Protein chains: 2
Amino acid sequence: MAKQTKTPRPKAATPKGFRDYFGTDVTERTEMLRRIAEVYDRYGFDALESAAVETVEALGKFLPDVDRPNAGVFAWQEGEEEGKGDWLALRYDLTAPLARVFAQHRNDLPTPYRRYAMGQVWRNEKPGPGRFRQFYQCDADTVGTASMAADAEICAMLADCMEVVGIPRGDYLIRVNNRKVLNGVLDAMGVTEAAQQADVLRTIDKFDKVGEAGVRELLGKGRLDASGAYIDGVGLSAAQAEPVIAFLTAKKTVLQRLHSEWEASPNDGSQDYKVLAWLLNIEMGAGRQKREQHTEASAKLLAKRTLAYLYEIVGDAEQGRKGVEELAQISDLLTAQGYGPDRIVLDPSVVRGLGYYTGPVFEAELTFEILDEKGRKRQFGSVAGGGRYDDLVARFTGQSVPAVGVSIGVDRLLAALREKNRMGGEAVGPVVVTVMDRDRMVDYQAMVAKLRKAGIRAEVYLGNPKSFGNQLKYADKRNSPAAVIEGADEKARGVVQVKDLVLGKKIAENATLQEWKERPSQAEIPRDDLVAHIKALLAGDK
Amino acid sequence: MAKQTKTPRPKAATPKGFRDYFGTDVTERTEMLRRIAEVYDRYGFDALESAAVETVEALGKFLPDVDRPNAGVFAWQEGEEEGKGDWLALRYDLTAPLARVFAQHRNDLPTPYRRYAMGQVWRNEKPGPGRFRQFYQCDADTVGTASMAADAEICAMLADCMEVVGIPRGDYLIRVNNRKVLNGVLDAMGVTEAAQQADVLRTIDKFDKVGEAGVRELLGKGRLDASGAYIDGVGLSAAQAEPVIAFLTAKKTVLQRLHSEWEASPNDGSQDYKVLAWLLNIEMGAGRQKREQHTEASAKLLAKRTLAYLYEIVGDAEQGRKGVEELAQISDLLTAQGYGPDRIVLDPSVVRGLGYYTGPVFEAELTFEILDEKGRKRQFGSVAGGGRYDDLVARFTGQSVPAVGVSIGVDRLLAALREKNRMGGEAVGPVVVTVMDRDRMVDYQAMVAKLRKAGIRAEVYLGNPKSFGNQLKYADKRNSPAAVIEGADEKARGVVQVKDLVLGKKIAENATLQEWKERPSQAEIPRDDLVAHIKALLAGDK
């Protein structure tokens, strides 16, 4: 029978839905955020770090599907016994705390207030594969201005952020839309009842998944989904559904029209039309190509035609016209700053889930293809999104404060960079100085101190030095580029052995005899040459 | 009568004991942590980021004064209704999570495992002035080795960290002691009962505050404290108390002995003694001087004498002798790496509060003087501390795993850097492009885009542009170095006005007429020269 212990040992495990991040998981994220912070700073945004903990009252209930008081957040009550104090909770995003900060400090803060924030947020949701209950957000918001220049600026900044972290132009696209246009479309459709509006919005959100035909079915009677289940439709007539279909497919329609214009005057040969035809190719799925050849004139032409078409769709609906006007302003501002359709485009199919957006919405999409878990090609998709929201601060002050912001999905963007091999893989481990004689630890430490002083990542093996094999296994686990060996014999002769572990691994795998000869994996060198030798080895010269 | 609203507005306030950090509060901390991470990395430590949330079970009860289950931590129970799931809590330090991580992943991690962690921790304590319930820690630990080389390495690394963040040599001192020596002293005193040992330890901890005479009184009958209250003593006889007094004043005694040796042979003139006499001056309070003149020989001599004196004090107590031996090893290792008493010293007065240390303990003390809130000079004091702890992982696995680590008090170190003017003050704000004509926002945005592209922090004023005065007030609040003005007249003539706001402020304060003439606070320049002009202005050339 097993021996019983009185108090069982605690389980060494993270709570469900939480995880640990090791090594490059941490350092690469830090580096990515550092680069983004530099862009935010250059745009005049100031850093803000609010506490992880807020009162439940201040946080409010902006999470989707919130019926119960504290559902969706991790919350607890202040005080020693229950019922005594405020309910506190971990923040679920960085926007709700911003609203609280702005309301609290509005007399001291500049207005408009441009701020950025980077940090963890927590969601008390059911964890799933790849779905964690703690994750990073990286936001920038401008509070206190209704000017579309603020929205345009954030789109430009988002494009800059993509490039600064290592997503090249052509591999991302900032897509911009306006909620007001969408509302105008609903007006034009005669869909005015709130419940039916919500149904239509939910359907629109499925456009990426089910396509034009699918949306048509879902807006009408319904459709069989892939699993064979029948999904009830919204019940609109085909004519009624037309404006929203026109809206969702606006980008395609505009490009087709431009293509026709160009075909009608093939001898025009104007560079603008050529570029547009070529843009069309991309959008119509003729494969990803570089989008860098657009001109300012072609950008203006595309924007002009898109806006004209949107005016067509919204018709006389006042809110819709206002929405298109705002998009026109954003478009002009971006074009003047040199951000053409190779980086930022008007795209009416962008909806963004969150209920609180009231005007322009935008997202950053990565357009390169990856293989999904089933080996199928698909686009990487959205890594950031945002928009204008005007009512968050009013909760506290009663005064509506216009605001616009963006949130970058840190983990997704990091995953994208790894897909593109712009980051990732193992970090270079430290050079490991092995311990051949445990009484000479002082010498080994002095050796490692010299390496460190020269800026080389290095350490002495501090485990039990009895087995030399274990020391090399350790170096291997550390992904060390080199091991240094100085036994009694080497000491007496004033030399050290340096084992090139990178080459060692390569040889073990597939190096040619030639490589072996040209770069012997172990070298005996004078002790005084150690720093120089390791430097050369790390630089790939040895 | 005031109008009543149905639901009262939420209060815009942080929960008690939490705060918001703005601008340079955030960016300077980030930069400091980045530099420390570089040092940790060079020493071969790997980054680890565990979740903020742990199970209460895994965290354990290492906080002082913990009688109630969840006191000291912010905790809540998993599940929709109470009583359903695990108790979760916010971590209160980074060491308890490390123990959990090591126990959980020990088969995948290299052993010894060197890891660093930087992040927030939370304490559910009564907040007070300057005492917050969320703060940063910045730790490095080596788990899985009993070698004193690990302890020595962390002391060296701590010294490097101080210098890399901007505390120059001479302004800090790493002080090293060993708990075993202290236990040996208790043995030598015949204090073996746990309660009395705790009383003695508490008294020792007051040494910095009450001095040698005060500790003598407190170990004996007791003493009147500054407020006039009588504090009961431990009740030891004067003879019994002697070893602990000798221990606490060891550093002084050793230096006095060395000074006597030197005086006894004034014609010896050996550099070692000279340096030691001079070190004595410092330690005896003859004023802070640079400590850079020590030699390796003088360092060895000081360590030798200190160790010899400690052997005297602990007598035959086995644990005490073992402790002195360990200090001797650490001293040898550090001397060989070039860390002399100008950076790291053996100092028996270091105790460190936390109960879980089992061997060497150390702290980083800043030795420069600051003025306290009452205008009195005092030393800045401790900014980091750590030591060896051997039982944290055993909670999970049953196997004792030796470990040693250090924790840097991020906020205190940052405060120290500000005291020394090595950091701090306001950040340089963005160049503000003012809006003279609201219809020409496109032009202003294009202008600011050019500045940003040149790496200059810049923004367009996005508030209501009606009052130009408000725009300049805004620029002032943003701490802008310059404002750019382009009205219709300037536009027509292809020029812009640049207001030098730094000089403007200076003139408003105390600039001389000469300065005013040499550097006019407003310049009219060709629009195309804007970037070059602002660059020169920021560099101080204009």
Legend entry - Total residues in region A:126-147, condition open to solvent by 10 Å² or more (accessible area, probe 1.4 Å) and within 12 Å of chain B (Cβ to nearest Cβ): 10
Inset, instruction - Return the residue satisfying two criteria in turn: it lies in region A:86-116 and is outside any helix (DSSP H, G or I) and hydrophobic (A, V, I, L, M, F, W, C), and of such residues it is nearest to the other protein chains (Cβ to nearest Cβ). - result: A:Leu88
Legend entry - Filtered residue count, region B:21-49, keeping only those that are touching a helix residue (DSSP H, G or I) at 6+ places or on another chain (Cβ under 6 Å), at the interface with another protein chain (Cβ under 8 Å from one of its Cβ atoms), open to solvent by 10 Å² or more (accessible area, probe 1.4 Å) and not in a strand (DSSP E or B): 1
Inset, instruction - Within region B:357-381, work out how many residues are more than 14 Å from the chain's Cα centre (by Cα), assigned to a strand (DSSP E or B), surrounded by 15 or more Cβ atoms within 10 Å (Cβ to Cβ) and not hydrophobic (A, V, I, L, M, F, W, C). - result: 1
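Using the structure shown, decide if A:Gly166 is open to solvent by 10 Å² or more (accessible area, probe 1.4 Å), in contact with a Lys or Arg (Cβ under 8 Å, 6 or more places away or on another chain), away from chain B (no Cβ under 14 Å) and at positive phi.
It is true that A:Gly166 is open to solvent by 10 Å² or more (accessible area, probe 1.4 Å), in contact with a Lys or Arg (Cβ under 8 Å, 6 or more places away or on another chain), away from chain B (no Cβ under 14 Å) and at positive phi.
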Inset, instruction - Of the numbered conditions (1) at pLDDT 95 or above; (2) touching a helix residue (DSSP H, G or I) at 6+ places or on another chain (Cβ under 7 Å), A:Asn178 fails exactly one; give the number of that condition. - result: (1)
Legend entry - Residue in region A:105-112 that is under 25 Å from A:Asp41 (Cβ atoms), modelled with pLDDT of 90 or more and within 23 Å of the chain's Cα centre (by Cα) present: no
Legend entry - Among the residues listed as A:Thr14, A:Thr55, the single one being within 8 Å of chain B (Cβ to nearest Cβ) and either open to solvent by 20 Å² or more (accessible area, probe 1.4 Å) or modelled with pLDDT of 95 or more (or both): A:Thr14
Inset, instruction - May I ask you to list the residues in region B:457-489 that are assigned to a strand (DSSP E or B) and under 17 Å from A:Asp41 (Cβ atoms)? - result: B:Ala458, B:Glu459, B:Val460, B:Ala482
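Report, by residue number, each residue of region B:353-386 that is small (Gly, Ala, Ser) and closer than 30 Å to B:Tyr21 by Cβ.
Within region B:353-386, B:Gly353, B:Ala364, B:Gly375, B:Gly381, B:Ser382, B:Ala384, B:Gly385, B:Gly386 meet the criteria.
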Inset, instruction - Tell me, yes or no, whether region A:342-350 has at least one residue that is touching a His at 6+ places or on another chain (Cβ under 6 Å), outside any helix (DSSP H, G or I) and touching a residue at least 60 places away in the same chain (Cβ under 8 Å). - result: yes
Legend entry - Residue, most open to solvent (accessible area, probe 1.4 Å), within region A:382-401, restricted to residues that are within 10 Å of chain B (Cβ to nearest Cβ) and closer than 30 Å to A:Asp347 by Cβ: A:Ala394
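Identify, from the list B:Leu248, B:Leu218, B:Leu255, B:Leu280, the residue that is touching a Leu at 6+ places or on another chain (Cβ under 6 Å), at pLDDT 70 or above, aliphatic (A, V, I, L, M) and open to solvent by less than 40 Å² (accessible area, probe 1.4 Å).
B:Leu255
Please work out if B:Gly487 is more than 7 Å from every other protein chain (Cβ to nearest Cβ) and in contact (Cβ under 8 Å) with a residue 24 or more places away in the chain.
yes
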Legend entry - Total residues in region A:163-199, condition assigned to a helix (DSSP H, G or I) and of a type in the set (Phe, Trp, Tyr): 0
Inset, instruction - State whether the residues of region B:150-158 include one that is away from chain A (no Cβ under 14 Å), part of a helix (DSSP H, G or I) and either open to solvent by less than 20 Å² (accessible area, probe 1.4 Å) or over 30 Å from B:Leu417 (Cα atoms) (or both). - result: no
Legend entry - Filtered residues of region A:438-456 (kept if open to solvent by 50 Å² or more (accessible area, probe 1.4 Å) and either facing chain B (nearest Cβ under 8 Å) or assigned to a loop (DSSP other than H, G, I, E, B) (or both)): A:Gly455
Legend entry - Residue that is in contact with a helix residue (DSSP H, G or I) (Cβ under 7 Å, 6 or more places away or on another chain) and among the acidic types (Asp, Glu), where the choices are B:Asp141, B:Asp108: B:Asp141
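May I ask you to say which residue of A:Gly72, A:Gly79, A:Gly119, A:Gly83 is modelled with pLDDT of 95 or more and more than 8 Å from every other protein chain (Cβ to nearest Cβ)? Lay out the reasoning, then the answer.
On the way: A:Gly72 fails: modelled with pLDDT of 95 or more; A:Gly79 fails: modelled with pLDDT of 95 or more; A:Gly83 fails: modelled with pLDDT of 95 or more.
The match here is A:Gly119.
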Legend entry - region B:424-437, subset open to solvent by less than 30 Å² (accessible area, probe 1.4 Å) and under 20 Å from B:Ala492 (Cβ atoms), residue farthest from the other protein chains (Cβ to nearest Cβ): B:Thr434
Inset, instruction - Go over the candidates A:Asn421, A:Asn479, A:Asn470 one by one and state the one that is more than 10 Å from every other protein chain (Cβ to nearest Cβ) and polar (S, T, N, Q). - result: A:Asn421
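The values are calculated or read from the model by the stated rules, or taken from the named source; none is laboratory data. Here the structure is a predicted model, which is why all the values come from computation and not from measurement. Note: ideal-geometry Cβ built from the backbone for every residue, glycine included; neighbour counts use all protein chains shown. Each accessible area value is taken on the protein alone, full model and side chains, heavy atoms only, with ligands, DNA and RNA left out. Shrake-Rupley method; radii C 1.70, N 1.55, O 1.52, S 1.80 Å.
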